[in-house]
1. If each of residue 178 and residue 329 carries a label point 7 Å out from its Cα toward its Cβ, how far apart are those two points in nm?
2. At 1.4 Å probe size, put 59, 378, 310 in order of accessible surface, largest to smallest.
3. For region 190-342, report the convex hull volume of the alpha-carbon atoms normalised per residue, in Å³, without decimals.
4. Give the relative contact order (percent, whole number) for region 310-391; include only Cα pairs under 8 Å separated by 6+ residues.
5. Using alpha carbons only, how many degrees (0 to 90, rounded to 10) separate the axis of helix 187-204 from the longest principal axis of the chain?
6. Which links in 252/295; 41/371; 295/389; 252/313 stretch past 19 Å when you go from one Cα to the other?
7. Region 210-284: D in µm²/s via Stokes-Einstein (Kirkwood Rh, Cα pairs, 4 °C, 1.567 mPa s)?
8. Enumerate the residues in region 502-523 having an amide nitrogen under 12 Å from the point lying 7 Å beyond the Cα of residue 538 toward its Cβ.
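The values are calculated or read from the model by the stated rules, or taken from the named source; none is laboratory data. Everything numeric in this text was worked out from a predicted model, so none of it was measured. Glycine also receives a Cβ, built like all others from the backbone with ideal geometry; neighbour counts cover every protein chain displayed. Side chains included, ligands, DNA and RNA excluded: accessible areas come from the protein's heavy atoms. Shrake-Rupley method; radii C 1.70, N 1.55, O 1.52, S 1.80 Å.
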Amino acid sequence: MAAVEFCFACWPGGPVIPPPCLRCGSRIGYYTSGLCNRCHKDGDPGVDSCRECQAWGATRHHNWLCRACVTWCQNYPAVKPCTVCAQPRHVGFWGREVCRLCYRQASMLRLPDEKLDLTGANRHGQQLFIADTFQDGRAKRRLEPEPVAQPLSEFAVTGDHEQLVLFRIRRDLAAHGRAGLHLRADPARAAALDKLAHDMAAELGWTPRLLEGTCYGLRIVLGIQDRPNAPINASDVTLLRDIDLPIWPVMKVLAMGGDLVEDRTPALDRWFTQQIDGLPETMITELTLWYEIMKNGSPTPPRRRPRSETTIKLHLRWALPMLRVWAAAGHNSLREITREHVLDALPPSGNARSTAGQGLKSICRLLKARKVLFTDPTTRVKIGYHEAKQPLPVNVELLRAALMPDDPARAALVALVAFHGLRAGQLQRLQLTDVRDGRLHVEGRVIILAEPVRERLRAYLDIRQHRWPDTANAHLFLTKHTGRRTEECSKRWIWLTIGPDLSIAAIREDRILDEALATGGDVRRLADLFGLSIQAGTRYTSVLSHPDLDGNDQF
């Protein structure tokens, strides 16, 4: 209830019997604010029987009616006693006023070329149904799923049968060596996968050496399976790394054939487990719930979209020092944390306070919404705002050196950032078709390429064509790995190619700052040229009066 911090079960001196629901008078399932779980907008009463036809599976979203009865009630608004079952229902007219349940019972028992016998069909009882399971032929054709690619039918295991092994140990292929491992594979299954590998090699432009290693690896992973006809776990494919065989092409072929089972733990899950190691068990359970909803979202109220991996990592890192302090002080759960604990643990001021407070608010607000916490200890706790860093010019000598065409890929990457202010994600997603007619098409913007950028892109494209002449990858920037695939390059490759002395963020800030100086602080121009918001643009215009920014540094 409002301004009450206890539920009726935990009431001091209780438990106390909840009051009846203000809307329906129910004495059971009390939720909050005087309403029961069935009447409150945020409650989850589950499913129940349809009010009209008694079919099981109706929900509150349709006023406890199945979908068919919603239409029935709209078409037949009159409520009268049914002439067959005598129950007050919305009745239709087939010579007699009958409810939908009696009509469905009669139509189910009617034989071809017979008339509808409403009384005889309902004389000995009625068959109840599962809600929303009736479809006409047109609806059924519309709802038929698209055909799904089936696994290799003659080799795939059907059903859920699995022959368990007595001991599970990690195989050491390096200790055994390659000799003889490929001979244990089933010849027919290996031949089918070899054909898939050759088709993929022709499509993606694999080298003969890569194709040979892929076929060899496929035969090895087939031969080391405990169940010869079962799908292959991705963890078994990773064993090929120990004997210097390619992993990604083998997984790609197995996935195309429907024979790959992804059983590896995602890197983000491993990172989260390492971060919360050592915390109390109850606190780990609470943080795990927060993590799962942040990563996967929630389709049930209160609904929530999944957050990015970067957001999850930042929020947990910011809040973790305070969580460890509380755990060391003897607190086993976040339910024990009060507003005073939060105020004592937060840094006094600055960015440290704002980031720590933001991470803790993210955790507590979500757990409070999920009713894991009784109260949110961060409510009305002022944490301040994160102070943005002032944009600074980069070292011009380092930028000139990076623009030299000794490494065409590095020169092209730096030129796109230094002249046009592209972000790392935009560099990743650039396609060959985005650069045409001397213009760069990126995220709905058309940018006229500067002449130095054109020269460096021409040099890089010559190297790209020479190194990967048959690649099927349409992305502009390729690596030794993505040249034989269709994925985009990683941000890590971009950072390593540019080098440790310069960062994309620093080069981009220098370019935007230079434009702000040249235009006298025209925020609208910055927004149009670099895709900034007005608030982000004012970050650059606010430093124009700094005495060190005289606008003379040019490269």
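1. For the pair residue 178/residue 329, the computed spacing is 6.1 nm.
2. Ranked from most to least accessible, the order is 310, 59, 378.
3. 181 Å³
4. 37 percent
5. Compared with the principal axis, the helix lies near 60 degrees.
6. Too far apart for the 19 Å limit: 252/295; 295/389; 252/313.
7. 92 µm²/s
8. 523
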